[in-house]
Amino acid sequence: MPNKTIVRSVEIGRNNRIYAGGQDEIGYFAPAGNGRLQYHTLIDRIPVKDRSFGDVWDIVSFNGNTYFRSPTKISKFTERTVVVYNAANEWAF
């Protein structure tokens with residue numbers, strides 16, 4: 001991970017991307033032109049006020065979207081944007 005944290009969750013999603021979540025980090029690996037996997041962070045697509053979310057414990061791909069769950073936020077990634085949903089208390093499952 002770019003911020004040197006531990007990967008806590010992995011999901012193989014659409015377009016054969018490998019999504020990964022760590023502490024305050026979400027993104028995906030995709031093949032580069034030479035076929036090697038290259039990491040792409042999604043942090044720059046999250047509003048600055050929502051970039052502190054702790055460990056991402058689950059990732060789910062569903063209906064063309066990818067969801068990253070941390071205790072305080074669920075981030076929904078579409079091909080262009082990330083929408084953040086804040087927990088009233090905690091997103092446990």
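No lab work stands behind these numbers, since they all come straight from the coordinates. All values derive from a computational prediction rather than experimental measurement. Cβ atoms come from the backbone with ideal geometry, glycine included; neighbour counts cover every protein chain shown.
What to note about this one:
- Restricting segment 34-84 to residues that are among the small types (Gly, Ala, Ser) and either surrounded by 11 or more Cβ atoms within 10 Å (Cβ to Cβ) or in contact with a Leu (Cβ under 9 Å, 6 or more places away or on another chain) (or both), the residue that is farthest from Tyr19 (Cα to Cα): Ser52
- Candidate set: segment 77-93, residues that are outside any loop (DSSP other than H, G, I, E, B) and over 15 Å from Tyr28 (Cα atoms); chosen: the one farthest from the chain's Cα centre (by Cα): Asn86
- Number of positions in segment 2-23 that are part of a strand (DSSP E or B) and under 11 Å from the mean Cα position of the chain (by Cα): 9
- Hits in segment 1-33 - residues which are buried (at least 17 other Cβ atoms within 10 Å of the Cβ) and charged (D, E, K, R): Arg8, Glu11, Arg17, Asp24, Glu25
- Taken over segment 48-93, the residue count meeting the criterion of being touching a strand residue (DSSP E or B) at 6+ places or on another chain (Cβ under 7 Å) and not aromatic (Phe, Trp, Tyr) is 23.
- For segment 39-76, a residue qualifies if it is farther than 18 Å from Asn3 by Cβ, in a strand (DSSP E or B) and in contact (Cβ under 8 Å) with a residue 12 or more places away in the chain, and the qualifying residues are Asp58, Val60, Ser61, Asn65, Thr66, Arg69, Ile74.
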